[in-house]
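Working notes, structure below.
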Amino acid sequence: MKTFVTTTATVERDWWVIDAQGLRLGRLATEVASLLKGKHKPYFAPYLDCGDHVVVINADKIQLSGAKAEKKVYYHHSGYPGGLRESKFLEMMEKHPERAVELAIKGMLPKNRLGRQMFRKLKVYAGPSHPHTAQQPTVLDLSNRIKAS
C-alpha cells in the first residue's frame, strides 16, 4: 500500500455562499473558518491550504448574544505613540459591517502566511448581492446548524 500525501495539485476548491442574516457572529465565524481551512475534506492537511472559497452575504444583519452589541470594543493601533484607537461594535456595524465579520473569522485562522492565504479566499458583503455568480457558488444553509435564538 502507498501512503497518500495531499499536495496543492490534488486540492479541489469549491465556492460557497452563506447568508448571515439572523446568525450569531461567533457561530458563523467558526463554520466559515472551518471551510476556509478545508477541515471538512477527507484529504485535509494542516500544512496546506485545502480550503474553499466562501462568500458571506447580509453581514449587516449579524447578531450578538446578550449585551455584547453595546459592550464589544475593537482596538487597532496606528503605529505612532498614543495611536491606540477603539471603536464599538455598533459603530463598526454602521460604518463597516463587513469588517466585524472579517475580524471574527480572521481570529480563528492560523497566525502565519498560511492563515493569510486562507483569509484571501473570504469575501464578505453587507447586502444580499455579490459579484461571484460566475463561479456558480453553492448555497450553504447554516440556519439549521446554528441556532440564533
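The values are calculated or read from the model by the stated rules, or taken from the named source; none is laboratory data. Small disclaimer: the values here were computed from a predicted structure and weren't measured. Positions of Cβ are generated from backbone atoms using ideal geometry, with glycine treated the same way; all protein chains shown enter the neighbour counts. What goes into the accessible areas is simple: the full protein's heavy atoms, side chains included, and nothing from ligands, DNA or RNA. Shrake-Rupley method; radii C 1.70, N 1.55, O 1.52, S 1.80 Å.
Mind checking whether some residue in segment 130-141 is within 15 Å of Q21 (Cα to Cα), assigned to a loop (DSSP other than H, G, I, E, B), more than 13 Å from the chain's Cα centre (by Cα) and in contact (Cβ under 8 Å) with a residue 40 or more places away in the chain?
Among the residues of segment 130-141, at least one is within 15 Å of Q21 (Cα to Cα), assigned to a loop (DSSP other than H, G, I, E, B), more than 13 Å from the chain's Cα centre (by Cα) and in contact (Cβ under 8 Å) with a residue 40 or more places away in the chain, which makes the answer yes.
With the requirement that a residue be in contact (Cβ under 8 Å) with a residue 40 or more places away in the chain and open to solvent by 70 Å² or more (accessible area, probe 1.4 Å), what does segment 31-52 give you?
Y47 - this is the single residue of segment 31-52 that is in contact (Cβ under 8 Å) with a residue 40 or more places away in the chain and open to solvent by 70 Å² or more (accessible area, probe 1.4 Å).
Could you run through segment 38-60 and say how many residues are assigned to a loop (DSSP other than H, G, I, E, B) and under 22 Å from Q136 (Cβ atoms)?
Result for segment 38-60: 8.
Can you list residue pairs whose Cβ atoms sit under 9 Å apart, with the first residue in segment 53-74 being at negative phi and open to solvent by less than 80 Å² (accessible area, probe 1.4 Å) and the second being polar (S, T, N, Q) and in a helix (DSSP H, G or I)? Count only pairs 6 or more apart in sequence or on different chains.
Close Cβ pairs satisfying both conditions: H53/Q135; V55/Q135.
Evaluate the following for Y80: is it open to solvent by 40 Å² or more (accessible area, probe 1.4 Å), in a loop (DSSP other than H, G, I, E, B) and among the hydroxyl-bearing types (S, T, Y)?
yes
Quick one: is A126 among the small types (G, A, S) and outside any loop (DSSP other than H, G, I, E, B)?
No: the conditions fail for A126.
Mind listing whichever residues of segment 3-37 are in a loop (DSSP other than H, G, I, E, B) and touching a Leu at 6+ places or on another chain (Cβ under 8 Å)?
Those that are in a loop (DSSP other than H, G, I, E, B) and touching a Leu at 6+ places or on another chain (Cβ under 8 Å): T6, T7, T8, V11, A20, L23.
Conditions (1) at pLDDT below 95; (2) of a type in the set (D, E); (3) under 18 Å from the mean Cα position of the chain (by Cα), marked per residue:
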site: D14; (1), (2), (3): no, yes, yes
site: I18; (1), (2), (3): no, no, yes
site: I57; (1), (2), (3): no, no, yes
site: G66; (1), (2), (3): yes, no, no
site: S78; (1), (2), (3): no, no, no
site: F89; (1), (2), (3): no, no, yes
